[in-house]
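The values are calculated or read from the model by the stated rules, or taken from the named source; none is laboratory data. Computed from a prediction, not measured in an experiment: that's the story for all the values here. Glycine also receives a Cβ, built like all others from the backbone with ideal geometry; neighbour counts cover every protein chain displayed.
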Amino acid sequence: MNTKTKDCVFSVLLLFIGGFVVAEGLRMYALAANPPFRIEQFRISPGMLPTVLGVGLIVFALLLLAGSLRGEGASPATSLARHLSTSSVRIGKALGDIDVKSMIASVVIMAVYTFFILGRLPFWLSSAIFLVGLMLYLRATKWWIILAVSAGSIAALIILFEKIFGTTLP
């Protein structure tokens with residue numbers, strides 16, 4: 001896949017992410033404007049920073065998209081369609097690659113940890129399940145070393161944040 005095609009596909013993905021971030025920032029503003037918070041000024045709302053960052057992401061994604069479509073000799077719509085169709089074929093081929101499958105599975109493991117396990121179990125237990133599961137999936141080393149590294153990492157985090165910095169972990 002050539003650089004212009006990669007830039008085009010990446011900019012379209014960034015546009016979607018930027019739109020999502022803006023929508024979530026505006027949702028946060030709407031929630032904060034209601035009781036019990038009643039923060040009605042957008043400039044001091046917790047939704048301001050995500051909204052500003054999302055708009056910035058959209059602006060830079062549009063600049064990247066324009067740069068990837070410039071100088072092709074065809075209309076921007078034709079160039080966009082060509083880049084997206086070329087990338088969809090290559091993405092389909094890439095999904096058959098064992099390394100890509102491994103990367104996707106690792107991201108799924110992280111998503112399960114973040115969205116399902118972390119809030120339901122104590123931090124130390126959910127993090128231990130995550131670390132052990134990820135290292136076992138990746139076949140990092142022997143099982144007893146994986147357990148020792150996980151326990152040591154979690155203990156170090158707890159000591160550092162709860163004891164030294166005096167903060168609470170999720």
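See the values below:
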quantity	calculated
Yes/no for I104 being part of a helix (DSSP H, G or I), touching a helix residue (DSSP H, G or I) at 6+ places or on another chain (Cβ under 6 Å) and of a type outside the set (S, T, Y)	no
Residue tally, condition closer than 25 Å to D99 by Cβ and outside any helix (DSSP H, G or I), over region 112-170	5
Any hit, region 121-138, residues being within 23 Å of the chain's Cα centre (by Cα) and either closer than 28 Å to A61 by Cβ or loosely packed, with under 10 Cβ neighbours inside 10 Å (or both)	no
Matching residues in region 27-86 - criterion: being among the basic types (K, R) and in contact with a Pro (Cβ under 8 Å, 6 or more places away or on another chain)	none
Subset tally (residues that are exposed (fewer than 10 other Cβ atoms within 10 Å of the Cβ) and either in a helix (DSSP H, G or I) or in contact with a helix residue (DSSP H, G or I) (Cβ under 7 Å, 6 or more places away or on another chain) (or both)) for region 65-92	2
Residue count for region 31-58, restricted to those that are in a helix (DSSP H, G or I) and surrounded by 11 or more Cβ atoms within 10 Å (Cβ to Cβ)	15
Selection within region 1-48 - closer than 21 Å to T78 by Cβ and among the aliphatic types (A, V, I, L, M)	M1, V9, V12, L13, L15
Any hit, region 91-100, residues being closer than 16 Å to T3 by Cα and of a type outside the set (F, W, Y)	yes
Which numbered condition S75 fails, given (1) at pLDDT below 80; (2) over 30 Å from N2 (Cα atoms)	(2)
Some residue of region 80-103 being touching a Leu at 6+ places or on another chain (Cβ under 8 Å) and within 27 Å of G133 (Cβ to Cβ)	yes
L62 vs. criteria at pLDDT 90 or above and assigned to a loop (DSSP other than H, G, I, E, B)	no
